[in-house]
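First up is the structure itself, then whatever we jot down about it.
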Ligand SMILES: NC(=O)c1ccc[n+]([C@@H]2O[C@H](COP(=O)([O-])OP(=O)(O)OC[C@H]3O[C@@H](n4cnc5c(N)ncnc54)[C@H](O)[C@@H]3O)[C@@H](O)[C@H]2O)c1
């Protein structure tokens, strides 16, 4: 059911690759909620992904850009304002990539050129986007910018590698730029820290199946899906959240506040065949 939460709003959505992408779900829902927007991704993503199908469905123009290039980003904002007929109200940064992860370099044997790329693509590009938009005055007052993060920014999770450092930087940029953008132009900047999700980027995370099973068992509400993440993004783009800024907002079914759950404890006990009694899910208060 649509609520017209984004009626009359213009936006830019970065990072839709295929129909599993979080940005893809955000675009579909933003369209349903009445927004008009442009889509952006790299030339490679355009070649191998399915973004044109999404563009057709949402009546959106695709603008090619490498998010690490200030020139490309300037072009995305300039063209978007032209195409959409005015300044934008929301921007989604749904971008992440680590060459160290791709090339199986572990955290204590990083290739530093790859690390620079990881940080540039996955975090500094967020700063570049904000700086370009601010200098161009491309976002309307009470506009909203959202980046996607992961709990590895706060807690160490096996195998997340240098992306953990990128997410910590991404969240810090949201706070630092959020202060300036809020003070000067009443624009919100937040990150959403999403549950592990089976997307192209997500599948690159070491042991994603076990991780998703673990977080599902640990989270009282279960893992958040990409569709649910899209719903949360829409609320942050809407006028219902005008005073939310500089936050890292966990969207993870409660995982980030847990230490051990009953479901995870039962699974753990089973794993080493201990004769510990299986605790029931039923009446239990601790
Ligand atoms: N999938 C998960 O488990 C999960 C969990 C938490 C956060 N996130 C974050 O969500 C965001 C979206 O990822 P996703 O899971 O939808 O996967 P995805 O693979 O569908 O999206 C990643 C996108 O980044 C784009 N990208 C890579 N390099 C780029 C560059 N130089 N310039 C512009 N775009 C570039 C890719 O083309 C792709 O569209 C990422 O920031 C990711 O870290 C994902």
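From 206, 243, which residue is surrounded by fewer than 18 Cβ atoms within 10 Å (Cβ to Cβ), over 16 Å from the mean Cα position of the chain (by Cα) and either away from the ligand (no atom under 14 Å from the Cβ) or modelled with pLDDT of 95 or more (or both)?
The conditions single out 243.
Name every residue in the range 116-161 that is surrounded by 23 or more Cβ atoms within 10 Å (Cβ to Cβ) and out of contact with any strand residue (DSSP E or B) (no Cβ under 8 Å at 6 or more places or on another chain), in order of residue number.
Scanning the range 116-161 gives 118, 122, 123, 160, 161.
Would you check which residues across the range 62-72 are without any contact (Cβ under 8 Å) to a residue 60 or more places away in the chain and under 21 Å from the mean Cα position of the chain (by Cα) and list them?
62, 63, 64, 65, 66, 69, 72, listed by residue number.
Tell me, yes or no, whether the range 170-184 has at least one residue that is crowded, with 18+ Cβ neighbours inside 10 Å, within 15 Å of the ligand (Cβ to nearest atom) and at pLDDT below 95.
The answer is no, given that none of the residues of the range 170-184 is crowded, with 18+ Cβ neighbours inside 10 Å, within 15 Å of the ligand (Cβ to nearest atom) and at pLDDT below 95.
So that you can scan it fast, the table gives a plain yes or no per residue for (1) in contact with a helix residue (DSSP H, G or I) (Cβ under 8 Å, 6 or more places away or on another chain); (2) surrounded by fewer than 24 Cβ atoms within 10 Å (Cβ to Cβ); (3) within 26 Å of residue 208 (Cα to Cα):
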| residue | (1), (2), (3) |
| --- | --- |
| 9 | yes, yes, no |
| 21 | yes, no, yes |
| 30 | yes, no, no |
| 42 | no, yes, yes |
| 53 | no, yes, no |
| 63 | yes, yes, no |
| 79 | no, yes, no |
| 82 | no, yes, no |
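Residue check: is residue 60 at pLDDT 95 or above, under 16 Å from residue 126 (Cβ atoms), in contact with a strand residue (DSSP E or B) (Cβ under 9 Å, 6 or more places away or on another chain) and assigned to a loop (DSSP other than H, G, I, E, B)?
The answer is no for residue 60.
The values are calculated or read from the model by the stated rules, or taken from the named source; none is laboratory data. The model shown is predicted, which means the values in this text are computed figures rather than measured ones. Note: ideal-geometry Cβ built from the backbone for every residue, glycine included; neighbour counts use all protein chains shown.
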